[in-house]
1. Would you check if there is a residue in region 84-91 being within 16 Å of the ligand (Cβ to nearest atom), at positive phi, out of contact with any helix residue (DSSP H, G or I) (no Cβ under 6 Å at 6 or more places or on another chain) and in a loop (DSSP other than H, G, I, E, B)?
2. Can we say Pro384 is in contact (Cβ under 8 Å) with a residue 12 or more places away in the chain and touching a strand residue (DSSP E or B) at 6+ places or on another chain (Cβ under 7 Å)?
3. Of the residues Thr104, Thr164, Thr135, which is among the polar types (S, T, N, Q) and either open to solvent by less than 30 Å² (accessible area, probe 1.4 Å) or farther than 25 Å from Asn322 by Cβ (or both)?
4. Scan the helices (runs of 4 or more DSSP H) fully inside region 280-398 and keep the ones with 3 or more residues being crowded, with 19+ Cβ neighbours inside 10 Å.
5. Here are the criteria: (1) crowded, with 18+ Cβ neighbours inside 10 Å; (2) out of contact with any Phe, Trp or Tyr (no Cβ under 7 Å at 6 or more places or on another chain). Tell me which single one Asn189 does not satisfy.
6. I'd like to check something: does region 64-83 contain any residue that is among the hydroxyl-bearing types (Ser, Thr, Tyr) and within 27 Å of Thr135 (Cα to Cα)?
7. Test of understanding: among Ile148, Ile172, Ile144, which residue is over 22 Å from Gly288 (Cβ atoms), part of a helix (DSSP H, G or I) and away from the ligand (no atom under 16 Å from the Cβ)?
Amino acid sequence: MIDRQRLKELSAREERKFIAEHPRSAELYARAKGSLLGGVPMNWMKKWAGAFPIFVAHAKGAHFTDVDGHEYVDLCLGDTGAMTGHSPDATAEAVAKRVREGITLMLPTEDSLRVGEELKRRFALPYWQFALTATDANRFAIRIAREITQRSKVLVYNYCYHGTVDESFATIQDGVVGPRRGNIGPPVNPRETTRVIEFNDLNALEDALKQHDVAAILAEPAMTNVGIILPDEGYWKGARELTRRYGALLIADETHTICAGPGGCTREWKLDPDFVVFGKPIGSGIPGSAYGVPEEVARRITARVHLEDCDVGGIGGTLAGNALSIAAMRVTLEKVLTASAFEKMIPMAKLFNDGVAAGIKQHGLPWNVIQLGARAEYHFSRKPPRNGGESAAAADFELERFLHLYALNRGALLTPFHNMALMCPATTEADVDLHTRIFREGAAELVR
Ligand SMILES: Cc1ncc(COP(=O)(O)O)c(C=O)c1O
């Protein structure tokens, strides 16, 4: 369908345009290679479309400006870390105040109660703990699940992503579980720690749980890291019945699916997990994450953790729950990621979705677009994928890079992984319309 030769030529043209228009970023990147491994502060930053990453001067709300003076509509929003919009005024003020009053003490502040109470209200889970990243919160939830079930295995969905959690870097290849492609230095073959199944397959889930050795399923309520994949009607109800029948716990990683509403999919879809994990935007991008548990899990963990060893048990961290993170979480939950913010964000994602859908139709492309709350994503397959294997098979790295670079060169930034766009409370119709126009023009060039 896509003429690959034409795609190559268009990509080369866009690359030339990118290089010509970003001389200052090019200069900084050349210098950065002298002191930063790979020329970037974190290895994923190499993945952006374009010959080098653009360096940011400043960001506010739904926009940022690069060091060459170009302004962009940010639909990546720090891969959800800035779903609040960049530097919301309320957060900036609360954080600045806290910075002057003590950043970290290994003692609680009153803010922590306000955060715990608000999370309890949103997710209907009574007890909360804090960590610094969603990765850590997932790791701690897994440890607790293993401890209280006295089982060793974790179950994940094929092509999931939950942060740098060792157990989750596993995929199914020819029916066998093994390390995911690119898994750097796996401590053991993840086959030893992990069961992997496809999403939306209750029979596969039952087969995986039947051996009574799965401590927990670590899952996003809707997959968002291999494109958006929605659960089939009734999937979670069936899955929950199975986890209860076979004694496995359910960890709902709401780090991205918080886009569905103030209490994530857990509240929107009335899920009833044993853990909820929420990181990234919980503090408007100030590092912090939280995990919550129901009464029963709290009781089981309390029974097994003893005061003398609580600091060396593998859960928690020196800076976890620090005063600054907690202050950022409090203001974010009370004043930024509020129910009324979602009322603005979700219609913007619908506008994005409808604009892209119309572009796909207009140019007869065999693609689809899916919305989940404040997030939307297009895929290179005619029908929305039902599981990670299907979605990964439809990926097209070259095409994806072209569309991302095309958008970047015209002032819109998409997430560097697949084709995801996220709305923040400051995203406007004009921001979304800019992307729609760019997407249609890019599609038109491809099929011409
Ligand atoms: C669903 C989900 N969980 C957890 C994480 C890990 O977040 P962090 O890298 O902030 O630890 C990610 C990161 O993309 C994620 O998408």
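The values are calculated or read from the model by the stated rules, or taken from the named source; none is laboratory data. Because the structure is predicted, anything quoted here is derived from the model rather than measured. Please note: Cβ atoms are built from the backbone with ideal geometry, for glycine as well, and neighbour counts cover all protein chains shown. Side chains included, ligands, DNA and RNA excluded: accessible areas come from the protein's heavy atoms. Shrake-Rupley method; radii C 1.70, N 1.55, O 1.52, S 1.80 Å.
1. No, there is no match, as no residue in region 84-91 is within 16 Å of the ligand (Cβ to nearest atom), at positive phi, out of contact with any helix residue (DSSP H, G or I) (no Cβ under 6 Å at 6 or more places or on another chain) and in a loop (DSSP other than H, G, I, E, B).
2. Answer is yes for this residue.
3. Thr135
4. 323-331, 339-362, 388-393
5. (1)
6. yes
7. Working: Ile172 fails: part of a helix (DSSP H, G or I); Ile144 fails: over 22 Å from Gly288 (Cβ atoms).
None of the others qualify; the one that does is Ile148.
Residue by residue, here is whether (1) aliphatic (A, V, I, L, M); (2) modelled with pLDDT of 95 or more; (3) within 16 Å of Val73 (Cβ to Cβ) holds:
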{"position": "His379", "(1), (2), (3)": "no, yes, no"}
{"position": "Gly389", "(1), (2), (3)": "no, yes, no"}
{"position": "Ala392", "(1), (2), (3)": "yes, yes, no"}
{"position": "Asp396", "(1), (2), (3)": "no, yes, no"}
{"position": "Leu399", "(1), (2), (3)": "yes, yes, no"}
{"position": "His404", "(1), (2), (3)": "no, yes, yes"}
